[in-house]
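The values are calculated or read from the model by the stated rules, or taken from the named source; none is laboratory data. Since the model is a prediction, treat every value here as computed from it, not as a measurement. Here the Cβ positions follow ideal geometry from the backbone for every residue, glycine too, while neighbour counts run over all protein chains shown.
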Amino acid sequence: MTYIVTDNCIACKYTDCVEVCPVDCFYEGENFLVIHPDECIDCGVCEPECPADAIRPDTEPDMEKWVEFNRKYAEMWPVIVTRKEPLPGAEEMDGKPDKMPLFSEKAGTGG
């Protein structure tokens, strides 16, 4: 099992989860975070820290696409280990459906 980030993170990008990760497996895009599924040790400490409920175990139905999505961008973006402020408007975007058109492939700054 591994944990991955799903589309509810898009345009929110809460980073509470990165500070508790013992193996630094989070990577930062411009408006999204991902977990490298090959680096995650399945400890689960990040899942309850996500205010947007965007971190899910890969054992839930239909998560294979998200595992590959997380892997792809984790290999392109910089690691993030320090909490940052969420994106402006994160509270309003939290829980909105169909956020994929808002997704940016651009890398974040990491840190």
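Being part of a loop (DSSP other than H, G, I, E, B) and modelled with pLDDT under 95 is true for just one of Asp24, Asp62, Asp53, Asp42. Which residue is that? The match here is Asp62.
Output the number of residues of region 4-21 satisfying the condition of being more than 20 Å from Asp62 (Cα to Cα), of a type outside the set (Val, Ile, Thr) and assigned to a helix (DSSP H, G or I).
Total satisfying the criteria: 3.
Scanning region 57-89 for residues that are within 15 Å of the chain's Cα centre (by Cα) and farther than 15 Å from Thr6 by Cα yields a total of 13.
Condition check for Arg71 on (1) more than 15 Å from Asp24 (Cα to Cα); (2) of a type in the set (Lys, Arg); (3) buried (at least 17 other Cβ atoms within 10 Å of the Cβ): one failure, at (1). Has region 6-21 got any residue that is farther than 20 Å from Gly111 by Cβ and among the polar types (S, T, N, Q)? Scanning region 6-21, I find at least one residue that is farther than 20 Å from Gly111 by Cβ and among the polar types (S, T, N, Q), so the answer is yes.
Of the residues making up region 27-39, those that are part of a loop (DSSP other than H, G, I, E, B) and either touching a helix residue (DSSP H, G or I) at 6+ places or on another chain (Cβ under 8 Å) or among the polar types (S, T, N, Q) (or both) are Asn31, Phe32, His36, Pro37, Asp38, Glu39. Going by what's in this entry, would Lys84 be described as closer than 16 Å to Gly111 by Cα, in contact (Cβ under 8 Å) with a residue 40 or more places away in the chain and among the charged types (D, E, K, R)? Answer is yes for this residue.
Give region 65-111 a look and list any residue that's of a type outside the set (Asp, Glu), over 23 Å from Pro22 (Cα atoms) and either touching a Lys or Arg at 6+ places or on another chain (Cβ under 8 Å) or part of a loop (DSSP other than H, G, I, E, B) (or both), or say none. Passing the criteria: Leu87, Pro88, Gly89, Ala90, Met93, Gly95, Lys96, Pro97, Lys99, Phe103, Ser104, Lys106.
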